[in-house]
Amino acid sequence: MDETIGGYLEKLRHSCGYSLRLAAKKTSLSHGYIRDVELGRKNFTNFEIIPKPDTLKKFAVGYRASFSELMRIAGHIVTKPTNEFEFIELDFNKVLYIRIDINDTVTYHSSTQTFFEFKSLFEFSLFEHSLEKNGYLRIKSGWYVNLKMVKRYDEFTGELSFCEDFENNNIRIPKILAISVQKEISKAIKQNNLHNFNNSYKPFIRTIRNLIIH
């Protein structure tokens with residue numbers, strides 16, 4: 001089934017981490033209208049809502065999305081899909097660590113896959129609060145480790161490991177910072193050894209725009 005413009009815009013909003021009211025502020029549209037568009041109908045009626053080009057431009061700017069792609073999905077123009085990214089529902093409980101670079105590229109590392117996403121500093125600052133509430137620790141500039149996935153910690157080298165033998169997916173914490181976070185890491189490792197991961201943590205699932213790397 002083809003993607004609807006409403007469903008696509010809803011995924012874009014979620015990938016930005018925007019509430020309806022924040023989306024309204026970013027797009028200069030009312031939050032009620034935005035929700036009607038996402039649902040594909042106007043309140044109390046069955047009339048389908050297809051945003052006009054000027055409105056789609058506001059969505060494109062507010063969501064940092066491709067205007068031409070929005071125009072294509074809404075049916076205003078006929079072009080080939082850009083396929084620059086795909087929407088992924090990512091369980092952040094199972095992400096090992098996150099890295100953000102100066103180009104606003106966020107990299108999510110799991111044990112088997114790597115995902116990429118663009119986030120502005122403003123968007124990431126909103127997201128960072130959610131990370132901290134869900135057990136992530138900032139270990140150095142632009143690096144966030146999921147304490148729920150840490151298996152071992154070498155106090156002498158400052159090296160974290162997400163497996164038992166330090167063979168793969170290791171991260172080294174700067175010595176200056178290692179001292180201040182050592183207790184928090186040790187507590188997390190003890191908890192990880194006592195509890196079954198799948199039963200210990202609430203779902204932390206977010207929609208991201210995973211960049212398709214060619």
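Read-outs: derived from the displayed coordinates by stated rules, not from any lab. The shown structure was predicted, so the numbers you read here are calculated from the model rather than taken from an experiment. So basically every Cβ, Gly included, is an ideal-geometry build from the backbone, and we count neighbours across all protein chains shown.
Roughly how big is the chain's charge dipole about its Cα centre, with Cβ charges of +1 (Lys, Arg) and -1 (Asp, Glu), in debye to the nearest 20?
Charge dipole of the chain: 680 debye, to the nearest 20.
Starting from the Cα-Cα distance between Lys52 and Thr105, subtract it from 0.36 nm times their residue separation and give me the gain in nm to one decimal.
On the way: separation 53, 0.36 × 53 = 19.08 nm, distance 3.09 nm.
Extra length available between Lys52 and Thr105 comes to 16.0 nm.
Would you calculate, for the chain, the mean residue ellipticity at 222 nm contributed by helices, counting each DSSP H stretch of 4 or more residues as -39,500 (n - 2.57) and dividing by all residues, to the nearest 500? Each step should come with its number before you reach the end.
Working: 8 runs with 85 residues, N = 214.
Theoretical 222 nm ellipticity from helices: -12000 deg cm²/dmol.
Looking at the chain, do any whole DSSP H helices span at least 20 angstrom along their long axis by alpha carbon and average 0.0 or above on Kyte-Doolittle, and which? All intermediate terms of the calculation are to be shown ahead of the outcome.
Numbers: long enough: 175-194 (29 Å, -0.06).
What comes out of the filter, once short or polar helices are dropped, is none.
Looking at the chain from every direction and averaging, what is the projected area of its Cα convex hull in nm²?
On the way: hull surface 57.9 nm².
The number I arrive at for the chain is 14.5 nm².
Just grab the label-to-label distance for Leu121 and Arg41, each label 7 Å out from Cα along the Cβ direction, in nm (one decimal).
For the pair Leu121/Arg41, the computed spacing is 4.5 nm.
Averaging sequence separations of C-alpha pairs under 8 Å and six or more residues apart, then dividing by the length of the chain, give the relative contact order as a whole percent.
Details: 302 pairs, mean separation 45.0, N = 214.
Once normalised by length, the contact order is 21 percent.
Tyr201 label point, 7 Å along Cα→Cβ, cut-off 14 Å on backbone N: hits in segment 119-145?
Residues passing the 14 Å test: 130-138, 144-145.
Net charge near Lys133: determine it from the other residues with C-beta under 15 Å of the C-beta of Lys133, scoring Lys and Arg +1 and Asp and Glu -1. Could the numbers behind the result be given before it?
Numbers: positive: Arg138, Lys148, Lys202, Arg206; negative: Glu128, Glu132, Glu184.
Overall, the nearby charge balance is +1.
What Kirkwood hydrodynamic radius, in Å, does segment 63-107 give when the mean of 1/r is taken over all pairs of distinct Cα atoms and then inverted? Could the numbers behind the result be given before it?
Details: mean 1/r = 0.0746 Å⁻¹.
When all Cα pairs of segment 63-107 are included, the Kirkwood radius is 13.4 Å.
Dipole size in debye (nearest 20) for segment 3-78 around its Cα centre, Lys and Arg Cβ +1, Asp and Glu Cβ -1? All intermediate terms of the calculation are to be shown ahead of the outcome.
Details: 13 positive and 7 negative charges, 62 e Å.
The calculated dipole for segment 3-78 is roughly 300 debye.
Could you quote the convex hull projected area for segment 1-128, Cα atoms only and averaged over all directions, in nm²?
If I average the Cα hull's projected area over directions, I get 9.2 nm².
Excluding Phe67 itself, calculate the net charge of residues whose Cβ lies under 14 Å from the Cβ of Phe67, where each Lys or Arg counts +1 and each Asp or Glu counts -1. Working shown, then result.
On the way: positive: Lys52, Lys57, Lys58, Arg64, Arg72; negative: Asp54, Glu69, Glu84.
Its environment carries a net charge of +2.
Which listed residue (Ile173, Gly62, Val106) has the Cα farthest towards the positive end of the charge dipole for the chain, taking +1 on Lys and Arg C-beta and -1 on Asp and Glu C-beta about the Cα centre?
Going by the Cα projections, it comes out as Gly62.
How far apart, in nm, are two points set 7 Å out from the Cα along the Cα-to-Cβ line at Val78 and at Thr114?
Between Val78 and Thr114, the simple spin-label model gives 4.1 nm.
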